[in-house]
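Notes follow the structure.
The values are calculated or read from the model by the stated rules, or taken from the named source; none is laboratory data. None of the values given here were measured: they were computed from a predicted structure. With ideal geometry, Cβ positions are generated from the backbone for all residues, glycine too; neighbour counts draw on all protein chains shown.
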Amino acid sequence: MSLAGETPRHGPQIDVQFDRADRCYEPGDDVLVRYDVGGLGIDTLRAVEHSVLWYTEGKGEEDLWVHFFERVAKPAVAGSFRVTLPQSPLSYEGVIVKIRWCARVRIFFHGGRDFVSEHVFDIGRVPPARMPQATKP
Amino acid sequence: MSSPPPRPAPNPFATRYTQPGSIVPLDADGQPVDLPLLLSRLRANDCCGAIVGPHGSGKTNLLVHLAAALATHEGSLGPLRIRSHRDAVGILRSILAAAAGTVVCIDSWEQMGLATRLSVQAAAAWQRCGLLVTSHAATALPTLMECRTSPAMLAAIVAALPDTGGSITQADIADACDRHAGNLRDALADLYDRFESRRSS
Amino acid sequence: MRLPRIFGKKRGHRRTGSEAWGSFGDGLFHGALVCAGLVFGSLLISGVAVPEWRINHDFVAARGRVLAKGLVKRTVDDPLAATTATWRPTLRVRYDAAGTSREAWTRSQPSTGSPDRDAAAVRLADWELGGEVPVWYDPADPAAVVLERGYNWWMWLLALLLPGALIAFGGSGLARAVRRWGRSEEALAAATGIPGLFGPRTPASPTATDLAGLPSCDDLVNSPGTQLRYRLPLESPENWTLLGLGLFAAFWNAVLLVLAVGAGLEFTSGRVDWLLLALLVPFIAVGGGAIALVVRGLVLAAAVGTTQLEISDHPLLPGATYDVLLAQGGSGRIRQLTLALELVEQATFRQGTDARTESLVVWRRQFDAWSDVALLPGARFEVRTTITIPADAMHSFTSEHNAARWRIVVRGVPARWPAFVRIFPVAVYPAPLPQPHQLRQPGRKVPA
């Protein structure tokens, strides 16, 4: 059993399940996220944070927007949260700009360390953009 | 529990994986830089030093790693970058509020005006703080390391990034390094475009 | 050999370092500053401010007779300098305190005294033995008597400023440390949006809305059209370039004129400064070149004429079709005129030693083209067409460093002049249409 204040030598296993197997949602949909922290005792955890956010990825600096955030001060090794998704931005697989939505579960140990688990999902069904062949190698 | 559906592989050359701090600092042979040795050298110089090298040679990346290592012992402030006079005021205020012994880390030292450089040096001396900077040319501060690049270094960086799935070859790496005259930042941006181009086709 | 890496190749999980000890040290340091400010402030208030306030408010006025006088020397150990001494006059006075006659040496206010003994002696000479002077005594301790009242304002300022600055610096740092203590990137982004200058990502505004990332289209719908609902503004950096070039040419040639007038006056008076004339030659070449470029730009702008675009509605929605009115002014003949819709991605990278913005057209569709367009002076070429936004189109998106922008592009190839491009930004919103006043801009960086 892990002692309070001790961080497990190996990262914990956080299994996350969305209520839709394909993880594709439409704007305004509710997304239900269930998670299960494996390999840890309840006394090891100090807090758990749930968040739903988007970030940009690509050739520019990354921008971040937190749509939903909550901190559970009395954590359990399993839990769930439900979030209503916004109208924008839609998930986008561009060439130099990509927009990714994700759910994050971050667990805090008594020693001060934390571990984050990130799971990408899609809002909308925008087709990926293509690199123009004439202008790029 | 069902596994998530397959998603498009991320571009390994996206900023998320290549921004300063995300890449292990390497030397021109592609070997990891001896950070403890650099830290002891820095301490021997009263925590003052400059990382010198041309554009895209890994100075900022090294600075970020050193700042993180310093944070656990001496305490570090930054890395900071001054882009406007407003930034300069904020940074001077931060230095004046810093504890003695803190190492102030500043990126692009040579791009700051003379007055700002002197003010930062005076503020750091007043607070008895160290000063670690990056610069394209030698400065009045002792040179801690001169950064150089090579195709071997770029190859080692690419090997540590997420898998390219075979779409980027060693020839691409050598070509990108050669085309951008050793500027690794530009070379990585070039490889980003090649990856996207081949994914599209 | 595989190198260690911070981000794992397998996405999804990663361990992050502990910031707890760093926050603890930060908090400890700033807490010490607050304590130092409180202690220093308390000492100044109890040692200086309160006694001075009591003298001015509690002490009782009386008349005293001078029985003796002298100078009091006070030495102060200054750790930063040598030991210093101050001198102040003191009088032995007899005065009546609540019906009782008392004798005492006068005290001075804690902050008075002069380092110049002679100056103090001169001041002491103003009092005559046996004369009467106004005094103030402490009703709680009638033996405590002073010759002067009033406030030492610089000491009050010191009492407020120094401890105040320590408490303000320390307090703000302590509040920051408490706020950041054990909190994650998401928590900080959701609560404050204050990143480090070199933070890996830019947190956005704390309030998540349903419309994050959509650009405002207020600037695109504030001009009514003549035939259709809106006249779209032109994104034309060429005009600004021309204006800048014009200002430069005016400034340069004004300076040149002053120099030339000086050289001309010398020439008419019979002196020829060959060095000045030699220096003027390249200046004249640059000034002439600048004028030529400005004239060429003006002629091109006048010859090609203005391009106007009106649209039946705005913002645009995926799958919808819109009427567009294209109006081209000018004179002469345009061999080809095209109208296309484009999606441009824009990414800005500011870390390291340079900052750059890259743009890439990732989608383009030409909706209409016209050949051999004859432009008549005083009349415009006007034509109506339609554009359709693809049903699965990405909407317009803007954050601090990244954007996806839609635009209508008109390209023309005049018969006698160089080709021109006119760009009209438009905004594509996802359905259902949000109200523009609901928009918020994400990714605004707050200076650390």
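Could you tell me how many of the residues in segment A:89-106 are touching a His at 6+ places or on another chain (Cβ under 6 Å) and within 7 Å of chain C (Cβ to nearest Cβ)?
Counting residues in segment A:89-106 that are touching a His at 6+ places or on another chain (Cβ under 6 Å) and within 7 Å of chain C (Cβ to nearest Cβ) gives 0.
Which members of segment C:213-262 meet the condition of being surrounded by 15 or more Cβ atoms within 10 Å (Cβ to Cβ), of a type in the set (G, A, S) and more than 30 Å from A:L64 (Cα to Cα)?
C:G225, C:S236, C:G246, C:A249, C:A260
Here's a check for you: in segment B:11-45, which residue that is under 16 Å from the mean Cα position of the chain (by Cα) and of a type in the set (D, E, K, R) is nearest to A:K59 (Cα to Cα)?
B:R16
Can you confirm whether B:H136 is of a type outside the set (D, E), within 14 Å of chain A (Cβ to nearest Cβ) and surrounded by fewer than 22 Cβ atoms within 10 Å (Cβ to Cβ)?
Spelling it out, it is not the case that B:H136 is of a type outside the set (D, E), within 14 Å of chain A (Cβ to nearest Cβ) and surrounded by fewer than 22 Cβ atoms within 10 Å (Cβ to Cβ).
Hey, could you check segment A:49-69 for residues that are touching a residue at least 12 places away in the same chain (Cβ under 8 Å) and over 13 Å from the mean Cα position of the chain (by Cα) and say which is surrounded by the fewest Cβ atoms within 10 Å (Cβ to Cβ)?
A:E57
Taking the criterion of being in contact with a strand residue (DSSP E or B) (Cβ under 8 Å, 6 or more places away or on another chain), buried (at least 21 other Cβ atoms within 10 Å of the Cβ) and β-branched (V, I, T), would at least one residue in segment C:369-383 satisfy it?
For segment C:369-383, residues in contact with a strand residue (DSSP E or B) (Cβ under 8 Å, 6 or more places away or on another chain), buried (at least 21 other Cβ atoms within 10 Å of the Cβ) and β-branched (V, I, T): absent.
Confirm whether A:G11 is touching a strand residue (DSSP E or B) at 6+ places or on another chain (Cβ under 7 Å), at pLDDT below 90 and either in a loop (DSSP other than H, G, I, E, B) or at the interface with chain C (Cβ under 7 Å from one of its Cβ atoms) (or both).
yes
Can you tell me which residues in segment A:107-128 are within 24 Å of C:H401 (Cβ to Cβ), touching a Ser or Thr at 6+ places or on another chain (Cβ under 9 Å) and facing chain C (nearest Cβ under 9 Å)?
A:V116, A:V120, A:G124, A:V126
Cβ-Cβ distance below 8 Å, separation of 6 or more or different chains: which pairs start in segment C:384-403 with a residue that is facing chain A (nearest Cβ under 7 Å) and over 20 Å from C:T338 (Cβ atoms) and end on one that is among the acidic types (D, E) and part of a loop (DSSP other than H, G, I, E, B)?
Between residues of segment C:384-403 that are facing chain A (nearest Cβ under 7 Å) and over 20 Å from C:T338 (Cβ atoms) and residues that are among the acidic types (D, E) and part of a loop (DSSP other than H, G, I, E, B), the close pairs are C:E400/A:E61; C:H401/A:E61; C:N402/A:E61.
Considering every residue within segment C:316-338, establish whether at least one is at pLDDT below 85 and hydrophobic (A, V, I, L, M, F, W, C).
no
Restricting the search to segment B:48-73, which residues are in contact (Cβ under 8 Å) with a residue 40 or more places away in the chain, out of contact with any helix residue (DSSP H, G or I) (no Cβ under 7 Å at 6 or more places or on another chain) and hydroxyl-bearing (S, T, Y)?
B:T60
Under 35 Å from the mean Cα position of the chain (by Cα), hydroxyl-bearing (S, T, Y) and in the same structural domain as C:V421 (by TED's automatic domain parsing): is that true of C:T357 in this structure?
It is true that C:T357 is under 35 Å from the mean Cα position of the chain (by Cα), hydroxyl-bearing (S, T, Y) and in the same structural domain as C:V421 (by TED's automatic domain parsing).
Wholly within segment A:72-137, which strands (runs of 3 or more DSSP E) include no fewer than the required count, namely at least 3 residues that are free of Cβ contacts under 8 Å to residues at least 40 places away in the same chain and at negative phi?
Correct list: A:114-123.
For segment C:303-316, enumerate the residues that are of a type outside the set (S, T, Y), crowded, with 18+ Cβ neighbours inside 10 Å and out of contact with any helix residue (DSSP H, G or I) (no Cβ under 7 Å at 6 or more places or on another chain). Walk me through it before giving the result.
Our first condition is that a residue be of a type outside the set (S, T, Y); within segment C:303-316, this holds for C:303-305, C:308-311, C:313-316.
Checking the rest, the ones that are also crowded, with 18+ Cβ neighbours inside 10 Å come to C:304-305, C:308-311, C:314-316.
Result: C:V304, C:G305, C:Q308, C:L309, C:E310, C:I311, C:P315, C:L316.
Could you please find all residues in segment C:116-138 being aliphatic (A, V, I, L, M) and assigned to a strand (DSSP E or B)?
Within segment C:116-138, C:V133, C:V135 meet the criteria.
With the condition being of a type in the set (A, V, I, L, M, F, W, C), under 23 Å from A:E57 (Cβ atoms) and at pLDDT 90 or above, I'd like the strands (runs of 3 or more DSSP E) fully within segment C:369-448 carrying at least 1 qualifying residues. I'd like the intermediate steps shown before the answer.
Values: elements: C:381-388, C:402-414, C:420-426.
So the answer is C:402-414.
Quick one: how many residues across segment C:33-59 are exposed (fewer than 15 other Cβ atoms within 10 Å of the Cβ) and farther than 27 Å from C:G150 by Cβ?
Number of matching residues: 3.
Hey, among the residues in segment A:14-26 that are facing another protein chain (nearest Cβ under 8 Å) and loosely packed, with under 15 Cβ neighbours inside 10 Å, which one's nearest to A:K98 (Cα to Cα)?
Within segment A:14-26, the match that is nearest to A:K98 (Cα to Cα) is A:D22.
So B:A100 ticks every box in (1) surrounded by fewer than 16 Cβ atoms within 10 Å (Cβ to Cβ); (2) modelled with pLDDT of 85 or more; (3) hydrophobic (A, V, I, L, M, F, W, C) but one. Which box is left unticked?
Tallying (1) surrounded by fewer than 16 Cβ atoms within 10 Å (Cβ to Cβ); (2) modelled with pLDDT of 85 or more; (3) hydrophobic (A, V, I, L, M, F, W, C), B:A100 fails exactly one: (2).
Select, from C:G287, C:G297, the only residue that is touching a helix residue (DSSP H, G or I) at 6+ places or on another chain (Cβ under 6 Å), surrounded by 17 or more Cβ atoms within 10 Å (Cβ to Cβ) and without any contact (Cβ under 8 Å) to a residue 40 or more places away in the chain.
C:G287
Name the residue that is farthest from the other protein chains (Cβ to nearest Cβ), counting only residues in segment A:27-71 that are outside any strand (DSSP E or B) and acidic (D, E).
A:D43
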